[in-house]
Amino acid sequence: MDKEKLIDQYAERLPKRIIQDVKAHLPKNCDTKRLKKIMEAVVSEYEDTLAEPGESVGLVAAESIGEPSTQMTLRTFHFAGVSEMNVTMGLPRVIEVLDARKTLSTPMTEIYLKKPYSDGKDIKKISQRIKERKLKEFVKEISINIVENTVKIDLDKKKIEEYEQTHINILKLVDKAAKGFKTKQEGDTIFIDTVKEDNLNEIYKLKEKIKNLYFCGIKNITQVLPIQRGDEFLIVTAGINLKEILKLDFVDTFRTKSNDIYEMRRVFGIEAARQSIINEVTAMFESQGIDIDIRHVMLVADMMTNTGEIMGINRTGIVKDKSSVLARASFETPIKHIIQAAMSGEEDYLSSVIENVMINQPVPLGSGLPKLIANFDNQKNKR
Amino acid sequence: MEEEIKATRKVKSIRFGLMSPRMIKEVAAAKVVTPELYDKEGYPVDGGLMDIRLGVIDPGLVCKTDGQKLKESLGHFGYMSLARPVVHVKFVRIILDLLRGTCRECGRVLIPEQKREAIVEQLDRIEEEEGMTGRRREFLSAISELKTVSKCPHCNAKQKKVKIEKPTTFTENDKRITPIEVRTRLEKIPDRDIYIFGINPEIARPEWMILTILPIPPVTMRPSITLESGERSEDDLTHKLGDIVRINQRLFENINAGAPEIIIEDLWDLLQYHITTYFDNDDSQIPPARHRSGQPLKTLTTRIKSKEGRIRHNLAGKRTNFSARTVISPDPRLELNEVGVPLSVAMKLTIPERITEWNFEYLKKFVDRGPKKYPGSNYIVRPDGKKKKITDETREQLIEEIQPGYVVERHLMDGDISIFNRQPSLHRMSMMCHRVKVLPGNTFRLNPAVCAPYNADFDGDEMNLHIPQTEEARSEAEELMQVQTQIVSPRYGLSIIGCNMDALSGNYLLTRFMKVTKKEAVDLLSSCSITDFSRLPDKPLISGNEVFSVLIPKDFNFIGTTKKGDPIIIESGNVKKGYLDSANLGEGSGLMLRNINKRYGADKSLVILGRFFRMGVQAAHKMGVSVNLADTDLDAKSEKDIKNIIEKAEKRVDELIELFRKGKLEALTGRTEEETLELRILEVLNKARNDSGKIVAENAKENTATNIMAYSGAKGKTLNIAQMAACVGQQAYRGGRINKGFKGRTLSCFSQGDLGTEAHGFIARGFKAGMKPNEFFFMAMTGRDSLMDTALRTPKSGYLYRRLANALQDLRVEYDLTVRDASNKIIQFRYGEDGLDVSKTRGGVVDVKKIIEQTT
């Protein structure tokens, strides 16, 4: 116990992880004297390892991500451990994340399940409950009677019962979609009388609309796939609707996540978005066998999220936010930035790298950061 | 003294703004009135575009404004009065906003006084949050509400709808408003209303956006070139300006002569066109102005923008003197931090050395030898900054002249500091500092161990060499960029420099198989510049491990595993167990090299690494590593086994196809039956290839050169051996089998609808047995596909990298250990949450376990 206390005394001087490491690797027969020595050695090692002030960590991070990305394969689609579902992988995915694209090429949700279900209980059944279903899956036939200008919908009662959706008032549903038309239900059949005459085109459109009416499940989830990862069963879906998914009682709300950063931001907040940027990027590099320290990815993610909103790494995101006119101009669309600066009389204080490169001055990084001040007037006076 | 103070002066800030007509006139050195450029003698005309008051581009002439000669005078702006005002294209959108947002009669903003405060407040808030662009956007939406306001809230004047036509014409209710009218309206807008638009009227009055006076850029920024024929070819800008001056003059004349309004308007439009293209010749809305040859003129906007433009090409990217570029070739006898420089290069590149009392005699000899004798010198620099070339004629005289305070630019010599670089410079290890080693020959020589950080090979790669010229630059290069400081990659905190190729196979051979006599051991060690042989055991036959151990420091301990998973134990500098391969000696490998680096420091570990490398190369030399066709021979049984495996697999595939044809193949969820079939076939064939590979691996003789390369990790995998000996395997194209080609078949030698293995790119035999024409073709298909992949990927990842670098380049660790950007905004409170510098860690962590073990 004493030892623990002694170690904890260093909590302020060392990061949590190192403290944990010390506790984990400490030999049992270690006396306090040795422990003290160890702790001092750890502290001195830690302080030696700290990044030096002025270190241009940003550029190092950019290099560490940019350099190996030339070795990544372009292969857009790959199997995410499941041969059934295609997921964007490799460089295109990294670009997608860092660009903070609003629409993903393969939106996905990973749904973790609560205890009995995570062992595989009813996995097929509950996964089917999640998938978005259209009305057309629950009808035998939808037909148009050209002579009477009516649409006839034959409901598939058996299937509706199978999916336990008998409580849904289908007539109401159809009624909503077919505004301005008369609807009535006779047993398992719904009729729509079209008031307007001879407008077959309109009726056809109506039929298509009814076919694609949302019926049950969770909107936007186009595909579901129960998979087993290790000992655990989970559901992977194509399509995203976290808000609705989290309402389901069998879902483990602590671990369920989506690959859409904006969705994570909306549902869980900016810190979750940051974490998911880190996770997505590291996962991509790992899958290609490329070793990148997490600190670099963290820095990029922090840069992308530090205003509380997600900013992509492009001219409408991070670069737009730069204080220096010349830095913005040197990236893309220089004329636009210069004109804008001229209008408002902006002043560039040359505080970042690129402007100083432009005018041949030392950059405020690394060895260019410290300043020596010499008072020349004084020296003159002395002489 | 005075001069040195000047040298420390810095630009504090740069302010952007518009130039008022008055300001243009004030800074102008001359008024341009005539389109003529030169008179009969070829002398620039006064009042012409090449007026020598605007600067000089001819040798011998003197600028009339500052009295300086060519290359000394920076040039001066001129101006010209326009007969009629003209719209500046780049401000058209802003002018439109202003016209729409203000009253056409009284010029006040179309916001009622009582709402004004609220809107301004909102705009200011938006600007604070999102910057200027946010304000503009927000204002536009405010205006769009106001657009419906048909009456001015201040003077009740009726408002009309202002529209824009094509590039620069404004209309109001379909009636054109001339720039004169636009200008008078803009003039009426009071200063306090202009602020609402996000414009600072002290710096940019809106009426200045309508040009009445055109600044003429100095001649020095549009120099003419003299062709071989003696003819002068003017710069595009001069051409354009000539057009403008000409039309402007005609417009003047016509107005003065009282010409009909139609003619004047036509000329006015023409003037507008010329001035528009003068500013921007890439606007898609107007036909670009062209040369007689038809190629578009390069005017102001084209000069600034894009990769080849001023900003990215000349301002953000610079060129240097004192650099050299040539082909590279390997030389393992060099130290890792050395670079072999050809004599011819060493005699061109120089290092300035200041003469003092103490080195006077030393440097005098360099001057005496002159530029043609190595090591000599090419120039001397007098204290007043005058540079004198040393030639046979001037040499004698210059020797007499030099004295302390002079600078001698002497030839490059062994041990000088240089910066070596290979493009693409993707990470900081692409530019490292090497010490010069002057060698005969015409290529740069480098130790093959540093190929990895540069990503270089010797198939014709060229590299660049830079010689830092100041003491500060040299010391920074030496302290921060030298090879030994870059051994640990900041990407993952492990050694990026290690043994490769022959060095690996050699060390593997040495530590695994070799036994040498004492004499041979001494030979080996000598070639790694070891002179102390006391650590060699005194027995007639010495094992490879014992020889290698001499290179390891006496107090080094290490426990690790080899590539294959065997343990390797190093105890007090002796390899007790195991052997060395790429897992412990290679590039980007485990902790052995990293621990050596940590323990013994950069300089020493570089020496150790160099010795490891040379030992490997030497051992490979001694043993002889040479590939043999028989390396891939298999015994009869394995051959039969492999044949069996492949036949079985093909049969299995046939079964699957049969199943599919009958429609009995169960589709995987979310897949069609065809896709399922393809996946299943791929699975079967890959398994067959792997199985046959396993047989080859089991069968392989351990000590054939081919296997040694694979086992040591020098080059190739066992898979490659299997491909040579047994089976090349399925050719994967876009993640599946090959399905491209003719209708229903891949090549015309197959029947339509053939789903079999051979028809879709499975190559059942090995490289040694050879391939059939169709197999060869399939292989070429996948080969081509991967080439395409590379070609498409490079620009994509390059752009990603550029964006990343641009976005993150300002971030730095501050003295309070926070990470901040250029405007001092905190990005992270501690870099990477724990403040650790990855290149100082071991694989990204502080090795607590190691510390505990070491502290007793």
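We did not get these values from a lab; they are worked out from the coordinates using the rules stated. Bear in mind that the values here come from a model prediction, so they are computed numbers and not experimental data. When we count neighbours, we look across all protein chains shown, and the Cβ atoms used for this are built from the backbone with ideal geometry, even at glycine.
An oblate overall shape is assigned to chain A, the ratio a/c of its alpha-carbon gyration tensor axes (a ≥ b ≥ c) being 1.5 or greater and a/b not exceeding b/c. Residues of the range A:110-143 with backbone nitrogen within less than 20 Å of a virtual label 7 Å along the Cα-to-Cβ line of A:D154, please, listed as ranges. Counting only backbone N, you get A:134-143.
Expressed per residue, the C-alpha convex hull volume of the range B:90-199 stands at 97 Å³.
Our coupling estimate for the range A:229-234, obtained by passing each phi through the Karplus curve with A = 6.51, B = -1.76, C = 1.60 and θ = phi - 60°, is 10, x, 8, 10, 9, 9 Hz, Gly and Pro reported as x. Distant-in-sequence amide contacts of B:L747, defined by a placed amide H-H separation under 5 Å and a gap of 5 or more residues or a different chain, comprise B:F742. Using Cβ point charges alone (K and R +1, D and E -1), the dipole size of chain B about the Cα centre works out to roughly 1160 debye. The mean number of partner chain beta-carbon atoms within 10 angstrom of a residue's beta-carbon across peptide A:298-305 is 4. Summary value for chain A: 18 percent relative contact order, contacts being C-alpha pairs under 8 angstrom separated by 6+ residues. Listed by chain and number, the aspartates and glutamates whose C-alpha is less than 16 Å from the C-alpha of A:K125, apart from same-chain residues fewer than 8 away, are A:E161, A:E162, A:E164, A:D249.
Computed from phi, the 3J(HN,Hα) profile of the range B:764-770 under the Karplus parametrisation 6.51, -1.76, 1.60 (θ = phi - 60°) reads 7, 9, x, 4, 5, 5, x Hz, with x in place of Gly and Pro.
Among the residues of B:823-836, the average count of other protein chain beta-carbon atoms within 10 Å of the residue beta-carbon is 6.
Applying 1/(1 + (r/R0)^6) with R0 = 35 Å to the Cβ-Cβ distance of B:K717 and B:S526 gives a FRET efficiency near 0.50. Residues B:T65, B:T168, B:T782, arranged from fewest to most other Cβ atoms within 10 angstrom of their Cβ, appear as B:T782, B:T65, B:T168.
When the Cα positions of A:I218, A:V363, A:A238 are compared along the charge dipole of chain A, A:I218 comes out farthest toward the positive end, with charges on each C-beta of Lys, Arg, Asp and Glu.
In peptide B:472-485, how many Cβ atoms from other protein chains are near each Cβ within 10 Å, on average? Intermediate results must be reported in sequence, preceding the final value.
On the way: counts 2, 0, 0, 1, 3, 0, 0, 1, 2, 0, 0, 0, 0, 0.
Mean inter-chain Cβ contacts per residue within 10 Å come to 1.
Charge tally around B:K564: other residues with Cβ under 15 Å, Lys/Arg +1 each, Asp/Glu -1 each, net +1.
Excluding the site residues themselves, the longest part of chain A lacking any GluC sites (Glu not before Pro) in a DSSP loop with at most 12 other Cβ atoms within 10 Å is A:198-383. If you run the Gaussian network model on chain A, springs between alpha carbon atoms under 10 Å, then out of A:R13, A:R229, A:R265 the most flexible one is A:R13.
Taking each residue as 0.36 nm, the span from B:S323 to B:K10 lengthens on full extension beyond its C-alpha to C-alpha distance by 109.9 nm. Separation of the range B:172-223 from the range B:740-808 is 60 Å, based on Cα centroids.
Give the calculated FRET efficiency between B:C106 and B:T169 to the nearest 0.05, with a Förster radius of 30 Å applied to their Cβ-Cβ distance.
Numbers: r = 24 Å, r/R0 = 0.81.
So the FRET efficiency works out to roughly 0.80.
Of the residues A:I339, A:I313, A:I95, which exhibits the maximal mean-square fluctuation in a Gaussian network model of chain A defined by a 10 Å Cα contact cut-off? Maximum fluctuation in the GNM of chain A, among the listed residues, is at A:I339. Taking a ≥ b ≥ c as the square roots of the eigenvalues of the Cα gyration tensor, the protein assembly as shown is classed as oblate, since a/c reaches at least 1.5 and a/b does not exceed b/c. Taking amide hydrogens as placed 1.01 Å from N in the peptide plane, the amide H of B:I216 sits under 5 Å from those of B:G78, B:Y79, B:M80, each at least 5 positions away in sequence or on another chain. Computed from backbone phi, the HN-Hα couplings of the range A:3-15 come to 4, 3, 4, 4, 5, 5, 4, 8, 3, 7, 8, 10, x Hz, rounded to whole numbers (Karplus: 6.51 cos²θ - 1.76 cosθ + 1.60, θ = phi - 60°; Gly and Pro given as x).
Within 14 Å, Cβ to Cβ, of B:L251, how many net charges do the neighbouring residues add up to if Lys/Arg are +1 and Asp/Glu are -1? Around B:L251, the charge tally is -3. In terms of other Cβ atoms within 10 Å, B:S712, B:S284 run from fewest to most in the order B:S284, B:S712.
Sequence-distant contacts, meaning Cα pairs under 8 Å at least 6 residues apart, place the relative contact order of the range B:509-570 at 32 percent.
Considering helices alone, the calculated mean residue ellipticity of the protein assembly as shown at 222 nm is -12000 deg cm²/dmol, with DSSP H runs of length four and up weighted by -39500 (n - 2.57) and normalised per residue. A dipole drawn for the range B:630-772 from +1 and -1 charges on Cβ atoms has a positive end, and of B:M771, B:I646, B:A726 the residue lying farthest that way is B:M771. Of all lysines in the structure, the ones whose alpha carbon falls short of 17 Å from that of B:K163, not counting any fewer than 8 places away in one chain, are B:K90, B:K147, B:K175. Going down the table (A:K102/A:K124; B:K717/B:K850; B:K563/B:K651; A:K136/A:K176), which pairs top 27 Å between alpha carbons? Where the Cα-Cα span goes over 27 Å, the pairs concerned are A:K102/A:K124; B:K717/B:K850; B:K563/B:K651.
With neighbour counts taken as other beta-carbon atoms within 10 Å, the residues A:L26, B:L96, B:L186 rank, fewest first, as B:L96, A:L26, B:L186. How big is the gap, in Å, between the Cα center of the range B:307-332 and the Cα center of the range B:226-305? If we compute the Cα centre of each part, the gap is 36 Å. Taking amide hydrogens as placed 1.01 Å from N in the peptide plane, the amide H of B:I827 sits under 5 Å from those of B:V819, B:R820, B:D821, each at least 5 positions away in sequence or on another chain. Length gained on full extension, B:F360 to B:T782, computed as 0.36 nm times the residue gap minus the Cα-Cα distance: 145.2 nm.
Charge dipole of the protein assembly as shown (Cα centre as origin; +1 on each Lys and Arg Cβ, -1 on each Asp and Glu Cβ, all else neutral): 1180 debye, rounded to the nearest 20.
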